[in-house]
1. Suppose the filter is modelled with pLDDT of 95 or more and either more than 15 Å from the chain's Cα centre (by Cα) or under 18 Å from residue 118 (Cα atoms) (or both); does residue 50 pass it?
2. Only residues in the range 91-112 that are closer than 12 Å to residue 80 by Cβ count as the first member; pair them with residues that are at pLDDT below 95 and loosely packed, with under 14 Cβ neighbours inside 10 Å, Cβ under 9 angstrom, at least 6 apart or cross-chain, and list the lot.
3. What's the number of the only condition in (1) exposed (fewer than 13 other Cβ atoms within 10 Å of the Cβ); (2) in contact with a strand residue (DSSP E or B) (Cβ under 8 Å, 6 or more places away or on another chain) that residue 43 fails to meet?
4. Please tell me if residue 157 is buried (at least 18 other Cβ atoms within 10 Å of the Cβ), assigned to a helix (DSSP H, G or I) and either in contact with a helix residue (DSSP H, G or I) (Cβ under 7 Å, 6 or more places away or on another chain) or without any contact (Cβ under 8 Å) to a residue 24 or more places away in the chain (or both).
5. Looking only at the range 116-135, how many residues end up being closer than 19 Å to residue 76 by Cβ and in a strand (DSSP E or B)?
6. If you check 60, 43, which single one turns out to be closer than 26 Å to residue 2 by Cβ and either in contact (Cβ under 8 Å) with a residue 24 or more places away in the chain or within 16 Å of the chain's Cα centre (by Cα) (or both)?
7. What number of residues within the range 82-115 satisfy the criterion of being surrounded by fewer than 17 Cβ atoms within 10 Å (Cβ to Cβ) and part of a strand (DSSP E or B)?
8. Report, by residue number, each residue of the range 1-33 that is at pLDDT 95 or above and more than 16 Å from residue 62 (Cβ to Cβ).
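The values are calculated or read from the model by the stated rules, or taken from the named source; none is laboratory data. Source: prediction; values computed, not measured. Don't worry about glycine lacking a Cβ; one is built from the backbone with ideal geometry, like all the others, and counts go over all protein chains shown.
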């Protein structure tokens, strides 16, 4: 994709990432908090990540992705959860797929064979994105949360990653 560049996140990105995340926390079901989160939240969310990536366009951060172990046990090291958030002007332009495909490449390198994503049932755009990108529903927690006065389910998706052909 022309004009977009992926790199590892660093501490100088914290404010931009927090601004992106808080947009979704305040305005949508895409982030579970019901209001803005403090800067320390990003440290907590990224703790233990195996990949924390940023997408830039024209020197501005336009999105980020995160991959973390599903469980902290050696027996489950081949399974990871993924998360991505995009700055609103960059949605619908392929940035989400760019970030996801980057995580898939990193997962392959690290021996991760299954990616999991959990999505609020009221986040139709994300549900459709994951289905378009090879994820299948694999579980649902009914009435797991309430946001904006509305109950929502958390839907789990999985995608198996085939080994790269040599």
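1. Against the criterion (modelled with pLDDT of 95 or more and either more than 15 Å from the chain's Cα centre (by Cα) or under 18 Å from residue 118 (Cα atoms) (or both)), residue 50 does not qualify.
2. Going by the 9 Å Cβ cut-off, the qualifying pairs are 108/162; 108/163; 108/164.
3. Residue 43 satisfies all of (1) exposed (fewer than 13 other Cβ atoms within 10 Å of the Cβ); (2) in contact with a strand residue (DSSP E or B) (Cβ under 8 Å, 6 or more places away or on another chain) except (2).
4. No, not satisfied.
5. Counting residues in the range 116-135 that are closer than 19 Å to residue 76 by Cβ and in a strand (DSSP E or B) gives 3.
6. Answer to the check: 60.
7. 1
8. 25, 26, 27, 28, 29, 31, 32, 33
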